[in-house]
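K.L.:
Questions regarding the structure given below will be posed in turn.
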Amino acid sequence: MDDEFAKLIRRMNPPRVVIDNDVCDHATVIQVDSVNRHGILLEVVQIVTDLNLAITKAYISSDGGYLMDVFYVTNIDGKKIGDTRTINYIQTTLETNASFLNSMRSSVGVMPSKEHTSIELTGPDRPGLLSELSAVLTDLSCNVVNAEIWTHNARAAAVVHVTDQTSGCAIQDPKRLSKMKQLLCNVLRDDSDLRTPKMSISSTGVIHTHRRLHQMLFADRDFERPESYKYKSSRPHVTVLDCSDRDYTAVIIRSTDRPKLLFDTLCSLTDMQYVVYHGTVITGRMEAYQEYYIKHVDGFPISSEAERQRVIACLEAAIERRSSEGLELELFTEDRFGLLSDITRILRENGLCIRRAEISTKSGKAKDTFFVTDVSGNPVEPKIVDSIQLQMGQNVLEVKGNLNMPPKLPQEAARSFFFGNFFKGRSFQYFTLVKSCS
């Protein structure tokens, strides 16, 4: 009865959105007034960040059942939003209260759909894991359309969209899906790890990939640091204070600024079932400052030292998951079946460990981004990158970052000696790992 009454109140009081390009000299100001409910702040921020817009400042207030949030937003060039279509999209989407985020979904598995099959999996991370997974998918005649892979604290999570090699459609045959699950779980399984890899068939629904990756790693308890963890100087600084006079818990976060930082922070607070009643976000050239006054959804502030430490660990994890650890390699080439398996095999054979990856295909082209280190987590040596470019081609693989690379080889010498016309070949003897089923 309470849920139905809350829905009635929301229908009678739809969100009101004001977008102003005149009130601030350097940013577009977006003000959102709405009936408050758990998760709505995250949804608003998600809509903005999905457009690759940066939130430079934010003021949040949601006492009394209503929220009034103000966001200062710029485009990728640090300027105001000048595109009328983008402004209209933000206005329409926020005012219609479009909730495409199914934040309560917690299952992890293979999800059939009409366009592609979405594979979600979590498990222990190790060097060569993505190479083994993509080799299995290639063996099963699955073409990888898009994928996101995050690793953190020796855990790995991936959302992979695949299609059938022959039909180009989603894979819906139950026997084939069952075999896929079995083989991929065999790859994920690590006898030395006490946590069981997670993978199952779930119901259909709309998935926001980054939201799901946060949920999956949180469920896999990636916020628990392994004993061998080495603390870094760039680690975010999180302080949790008791505000007993106001019946809130104050959370203060200082970290290096980067895109989608606010989204990642709110994902963690939402997953932990906390509500932000008041908040301030200010970003500078290098550092971001976030201050929140929170309560649990049951209306109580943090009441124990164990809970306080857990909040600190979870917020640190949420910020670190998307951090760009390692050297960034960007590949752009003609798409073909088995391409990801071949690329990741080359990286593995050159002793590189993939820390994060984004795989995308569109109109017959593949654009893949990898953040890599050596197997010990150290920076990649220039000679290793040079070896990889020799195999893939200088024009195919772009190295981003501050790696001190030697002068480029002449174009004749920069071509692959062993693979020849590697990326245009339609068939290739790729690496396949066979693991026994237990």
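The values are calculated or read from the model by the stated rules, or taken from the named source; none is laboratory data. As the structure is a prediction and not an experimental result, all values here were calculated from the model. A quick note on method: Cβ atoms are made from the backbone with ideal geometry, for glycine too, and the neighbour counts reach across all protein chains shown. Surface accessibility is based on the protein's heavy atoms, side chains included, excluding ligands, DNA and RNA. Shrake-Rupley method; radii C 1.70, N 1.55, O 1.52, S 1.80 Å.
K.L.:
Does the stretch 310-332 contain any residue that is surrounded by 16 or more Cβ atoms within 10 Å (Cβ to Cβ), basic (Lys, Arg) and within 17 Å of the chain's Cα centre (by Cα)?
P.N.:
yes
K.L.:
Also: Output the residue which, of all residues in the stretch 123-143 that are aliphatic (A, V, I, L, M) and open to solvent by 20 Å² or more (accessible area, probe 1.4 Å), is farthest from Met180 (Cα to Cα).
P.N.:
Here is the first cut: in the stretch 123-143, the ones aliphatic (A, V, I, L, M) are 129-130, 133, 135-137, 140.
Remaining after also requiring open to solvent by 20 Å² or more (accessible area, probe 1.4 Å): 130, 140.
Working: Leu130: 15, Leu140: 7 Å.
Per the stated criteria, the residue is Leu130.
K.L.:
Here's another thing I want to ask about it. Please go through the stretch 119-162 and pick out each residue that is charged (D, E, K, R) and assigned to a strand (DSSP E or B).
P.N.:
Residues satisfying the conditions are Glu120, Glu148, Arg155.
K.L.:
Here's something else I'd like to know. How about the stretch 378-405: which of its residues are in contact (Cβ under 8 Å) with a residue 60 or more places away in the chain and under 25 Å from Arg321 (Cα atoms)?
P.N.:
Leu397, Glu398, Val399, Lys400, Gly401, Leu403, listed by residue number.
K.L.:
Please pick out the residue among Asn13, Asn52 that is modelled with pLDDT of 90 or more and open to solvent by 20 Å² or more (accessible area, probe 1.4 Å).
P.N.:
Answer to the check: Asn52.
K.L.:
Let me ask you something else. Here are some conditions: (1) touching a His at 6+ places or on another chain (Cβ under 8 Å); (2) at positive phi. Ser363 meets all but one. Which one does it not meet?
P.N.:
With respect to (1) touching a His at 6+ places or on another chain (Cβ under 8 Å); (2) at positive phi, Ser363 is out only on (1).
K.L.:
If I ask for residues that are in contact with a helix residue (DSSP H, G or I) (Cβ under 8 Å, 6 or more places away or on another chain) and among the acidic types (Asp, Glu), which ones from the stretch 364-385 would you list?
P.N.:
Of everything in the stretch 364-385, those that are in contact with a helix residue (DSSP H, G or I) (Cβ under 8 Å, 6 or more places away or on another chain) and among the acidic types (Asp, Glu) turn out to be Asp368, Asp374.
K.L.:
Return the pair list, or none, for Cβ contacts closer than 7 Å from residues in the stretch 317-330 that are closer than 21 Å to Pro127 by Cβ to residues that are small (Gly, Ala, Ser), at least 6 apart or on different chains.
P.N.:
Once the first residue is closer than 21 Å to Pro127 by Cβ and sits in the stretch 317-330, its partners that are small (Gly, Ala, Ser) give Leu327/Gly401; Glu328/Gly401.
K.L.:
Out of Ser255, Ser244, which single residue is exposed (fewer than 14 other Cβ atoms within 10 Å of the Cβ) and of a type in the set (Gly, Ala, Ser)?
P.N.:
Ser244
K.L.:
Something else: Please tell me if Val275 is open to solvent by 50 Å² or more (accessible area, probe 1.4 Å) and of a type in the set (Val, Ile, Thr). Step through it out loud before you land on a result.
P.N.:
Working: open to solvent by 50 Å² or more (accessible area, probe 1.4 Å): no; of a type in the set (Val, Ile, Thr): yes.
Spelling it out, it is not the case that Val275 is open to solvent by 50 Å² or more (accessible area, probe 1.4 Å) and of a type in the set (Val, Ile, Thr).
K.L.:
Does Arg348 satisfy the criteria of being in contact with a Gly (Cβ under 8 Å, 6 or more places away or on another chain), in a helix (DSSP H, G or I) and open to solvent by 40 Å² or more (accessible area, probe 1.4 Å)?
P.N.:
yes
K.L.:
Follow-up. May I ask you to list the residues in the stretch 188-224 that are in contact with a Ser or Thr (Cβ under 6 Å, 6 or more places away or on another chain), at pLDDT 80 or above and either over 17 Å from Asp125 (Cα atoms) or in a helix (DSSP H, G or I) (or both)?
P.N.:
Met216
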